[in-house]
Amino acid sequence: MSQSQMNILKIENIEKIFEIKVSAFKSKNLYALNKITLEVERGKTISVVGESGCGKTTLGKVVSGLYQAEKGTIKFHGQDIAHKKPLQRGLLQKDIQMIFQDPYSSLNPRKKVKDILEQPLKIHTKLNKADRMQAIEKTCADVGIDLGYLSRYPHQFSGGQRQRIAIARAIILNPELVIADEPISALDVSIQAQVLNLLMDLQQKLNLTYLFITHDISVVKHLSDYVAVMYLGEIVEYGTKEQIFSHPQHPYTKMLFLAVPDIDNPVLSEKVLETGEIPSPIDLPDGCYFAGRCPLKDADCEKEHPPLVEKGDQYKVRCIKV
Amino acid sequence: MSEMLRVENLKTYFDTRKGLVKAVDDISFSINKGEILGIVGESGAGKSITGFSLINLIDSPGEIVDGSILFNNRDLAHLSEDELSKIRGGEISMIFQDPQMSLNPVITIGKQLIETVLYHNPETSKQDAHKKSVEMLELVGMPAPEKRMASYPHQLSGGMKQRVVIAMALINSPKLLIADEPTTALDVTIQAQILFLMKKLTKEFGSSLILITHDIAVVAQMCDKIAVMYAGRIVEYGSNKDVLYNPKHPYTKGLIQCLPRLNEEKTRLYQIPGVMPSLLALPVGCYFSDRCPYADEECKVYPETITLEGRLVSCHKVK
Ligand SMILES: Nc1ncnc2c1ncn2[C@@H]1O[C@H](COP(=O)(O)OP(=O)(O)OP(=O)(O)O)[C@@H](O)[C@H]1O
Ligand SMILES: Nc1ncnc2c1ncn2[C@@H]1O[C@H](COP(=O)(O)OP(=O)(O)OP(=O)(O)O)[C@@H](O)[C@H]1O
Ligand code: SF4
Ligand SMILES: [Mg+2]
Ligand SMILES: [Mg+2]
């Protein structure tokens, strides 16, 4: 198979701008995504990590059709879906599912768990009632939801239990691409382990492709094939997991790895405070977006915005000091 | 060190149509001034309900049915709603696991912060409250804080909302802060900053912090004491060092073994077999017995809590 056939998703130069109020009378543009380019290989897991507010969820929502991009293309099965809402995507819609960051607001509070899980089956499949029930039971078993819970409402569950319901809803249609936005951050470690093992099993069994958004670096290391590091709406480093973890090059990636809490080394040093000015996507700096926090910065870094440079096979970095 | 909070034999039950859910069942712990207590345990163990109970925010059909919550010589379990609402958000504040619970979607975050200040400090001027709000946002690492005051919650990323909620909880310098999964939506650099800030404020001002989290590595960094909850009860309770680095209860051991470690490869993670039972169908005897590798005949009776090597632990096999 050629590279392009292996790539299930091809994101090119995606831009997303929000207009927001900055005072009672004034609005400004907020640049949430700046020229994001990314290819996702079928059956693989690509993790997106980065600063809180850097645009990860926005990227997931653009791919799943909840937001429409201002510019750029997203090719899925050869079709450009960047500007199409879910309903305009036809059959492709069921093949991209998203697990949302917030397990509280993503489930309809007035619906029972059974109805939440049955709804996508009703919309997208021709299964009869008995078959739908069977699919629900199987999925519940997969994600560890007690069948006795099916007649309950979301508010009767703890945070972690709700997230399992959300995962069940996403996988019940056997999608090709699952965008998982912090799918396990609301879960405790034992269930995290169960869900991660489950996601990996499902991937093997169904050849699923994951776009995995997370803050948990040890989880990224655990399950990714590729890693994209984002900062302020753009990709600053991209490579295979091995490249990123054994030779992180971008100063932000390095800073990120150093801050990972580690039970084997549980110190919380004052150093974490020395991070400098955190820039905002409302007033983007001219030069490198990371310059204000970067230990390597010099005058050149503030002059021009550094490009994302390809360095060898499948590796890219955006920093003039590398 | 003097005591800030002492919880004794607290029981919070939900009387549901399907039966009595003992979400918090006879738990006791205490916190000194300047101390940080971590509460860990699986989803559904009762961590959040414990937090809600402390400020008596339990909705029907739930109710605190027994026990006392002594906070600076007052029993919060028996205060009037009037007195409680003065304490909430003032002397005691809680960062809710669900940011939606603290943020009103139709009011700008700036206005919400300012109102939080004014409610507990009516003598403060609006300008000062505004200034304080911007400072607080800056302290929790919100970029462009002045401009963000005019944003509505839905215009913020998950981590930004979480920072607003943290700012709101800290803005009146509470004596006791209950932080329920405060940093799950934050990247590790911001998380480290916020945790550092919370720890520093606790130590400097002699306030107290209850940190509810499933992130054991964070607990290791932050907490002086740790309570491990399972199915509504505390199964192990002791110092950070004892509980994390020399765990005795089979459940605590399992939790620590589940952690993905940075220096490990893409292999399967250890998982505790099975899932936590529904609180309506608890096993006979030790609640952990149906998942425990050491369970035998003896475990069909709920184990006594004993003191062993400095911690409290409830397990027949730990002697
Ligand atoms: N609906 C919206 N209206 C206005 N601005 C928005 C909207 N959604 C997101 N933004 C802005 O876009 C930027 C990126 O937000 P996004 O939610 O994608 O971040 P994120 O990387 O997922 O962060 P986190 O890790 O905190 O969840 C933020 O500055 C946010 O304020
Ligand atoms: N309104 C309610 N009615 C019935 N049961 C409830 C209610 N609210 C909570 N519970 C039950 O109480 C138990 C404890 O819930 P709690 O939210 O404290 O869990 P938690 O330890 O915080 O879990 P998580 O880590 O998932 O947040 C759960 O089993 C939950 O199902
Ligand atoms: S009491 Fe028995 S079942 Fe419970 S944790 Fe100890 S050994 Fe396991
Ligand atoms: Mg997000
Ligand atoms: Mg909770």
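Side notes on the structure shown:
- Single unsatisfied condition, residue B:256 versus (1) crowded, with 21+ Cβ neighbours inside 10 Å; (2) within 20 Å of residue A:216 (Cα to Cα); (3) β-branched (Val, Ile, Thr): (1)
A quick yes/no check of all residues on (1) within 16 Å of ligand 2 (Cβ to nearest atom); (2) at positive phi:
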position	(1), (2)
A:153	yes, no
A:158	yes, no
A:178	no, no
A:185	yes, no
A:192	yes, no
A:219	no, no
A:223	no, no
A:228	no, no
A:232	no, yes
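- Residues satisfying the stated conditions in the stretch B:174-205, i.e. under 19 Å from residue A:52 (Cα atoms), part of a helix (DSSP H, G or I) and of a type in the set (A, V, I, L, M): B:188, B:190, B:192, B:194, B:195, B:197, B:198
- Residue A:145 vs. criteria among the hydrophobic types (A, V, I, L, M, F, W, C) and modelled with pLDDT under 90: yes
- Restricting the first member to the stretch B:191-220 and to residues that are on the phi > 0 side of the Ramachandran plot, and the second to residues that are among the hydroxyl-bearing types (Ser, Thr, Tyr), no beta-carbon pair is closer than 6 Å while six or more apart or on different chains.
- Checked against (1) surrounded by fewer than 24 Cβ atoms within 10 Å (Cβ to Cβ); (2) within 10 Å of another protein chain (Cβ to nearest Cβ); (3) away from ligand 4 (no atom under 16 Å from the Cβ), residue A:247 meets all criteria but (2).
- The residues on offer are B:30, B:53, B:48, and the sole one that is assigned to a strand (DSSP E or B), under 18 Å from the mean Cα position of the chain (by Cα), among the hydroxyl-bearing types (Ser, Thr, Tyr) and closer than 17 Å to residue B:178 by Cβ is B:30.
- Residue check, residue B:35 more than 16 Å from ligand 3 (Cβ to nearest atom), over 16 Å from the mean Cα position of the chain (by Cα) and of a type in the set (D, E, K, R): no
- With respect to the conditions (1) touching a residue at least 40 places away in the same chain (Cβ under 8 Å); (2) assigned to a loop (DSSP other than H, G, I, E, B); (3) more than 25 Å from residue B:97 (Cα to Cα), residue A:120 lacks only one, and its number is (2).
- Helices (runs of 4 or more DSSP H) contained in the stretch B:56-153 and holding at least 2 residues within 14 Å of another protein chain (Cβ to nearest Cβ): B:109-120, B:126-139, B:145-148
- Those residues of the stretch A:38-61 which are part of a loop (DSSP other than H, G, I, E, B) and surrounded by fewer than 24 Cβ atoms within 10 Å (Cβ to Cβ), in sequence order: A:42, A:43, A:44
- Residues located in the stretch B:154-188, provided they are of a type in the set (S, T, N, Q), under 17 Å from the mean Cα position of the chain (by Cα) and within 7 Å of another protein chain (Cβ to nearest Cβ): B:184
- Scanning the stretch A:295-315 for residues that are surrounded by 20 or more Cβ atoms within 10 Å (Cβ to Cβ) and within 17 Å of residue A:235 (Cβ to Cβ) gives a single hit, A:306.
- Among residues of the stretch B:60-103, those that are farther than 19 Å from residue B:120 by Cα, surrounded by 15 or more Cβ atoms within 10 Å (Cβ to Cβ) and hydroxyl-bearing (Ser, Thr, Tyr), counted: 1
- Being assigned to a helix (DSSP H, G or I), under 27 Å from residue A:215 (Cβ atoms) and within 16 Å of ligand 1 (Cβ to nearest atom) is a property that does not hold for residue A:192.
- Criterion (away from ligand 1 (no atom under 16 Å from the Cβ), under 17 Å from residue B:276 (Cβ atoms) and buried (at least 17 other Cβ atoms within 10 Å of the Cβ)) met by exactly one of A:184, A:165, A:172: A:165
- Where a residue in the stretch B:293-308 is free of Cβ contacts under 8 Å to residues at least 24 places away in the same chain and over 19 Å from residue B:273 (Cα atoms) and its partner, wherever it lies, is within 16 Å of ligand 2 (Cβ to nearest atom) and among the hydroxyl-bearing types (Ser, Thr, Tyr), with Cβ under 8 Å and at least six apart: B:302/B:287
- Positions within the stretch A:179-237 being under 15 Å from the mean Cα position of the chain (by Cα), acidic (Asp, Glu) and at the interface with chain B (Cβ under 10 Å from one of its Cβ atoms), in sequence order: A:181, A:182, A:216, A:225
- Qualifying residue in the stretch A:79-93 (condition: of a type outside the set (Ser, Thr, Tyr), on the phi > 0 side of the Ramachandran plot, surrounded by fewer than 22 Cβ atoms within 10 Å (Cβ to Cβ) and touching an Asp or Glu at 6+ places or on another chain (Cβ under 9 Å)): no
- Pair list, Cβ under 7 Å, 6 or more apart: the stretch B:39-62 residue under 21 Å from residue B:222 (Cα atoms) and in contact (Cβ under 8 Å) with a residue 24 or more places away in the chain, other residue assigned to a helix (DSSP H, G or I) and among the charged types (D, E, K, R): B:39/B:47; B:41/B:47
- Subset of the stretch B:267-292 that is free of Cβ contacts under 8 Å to residues at least 12 places away in the same chain and surrounded by fewer than 13 Cβ atoms within 10 Å (Cβ to Cβ) - its residue that is nearest to ligand 3 (Cβ to nearest atom): B:281
- Residue selected from the stretch B:171-188 under the condition more than 21 Å from residue B:47 (Cα to Cα) and at pLDDT 85 or above, by the criterion nearest to ligand 4 (Cβ to nearest atom): B:188
The values are calculated or read from the model by the stated rules, or taken from the named source; none is laboratory data. Treat the numbers as computed from the prediction; the structure is a model and nothing was measured. So basically every Cβ, Gly included, is an ideal-geometry build from the backbone, and we count neighbours across all protein chains shown.
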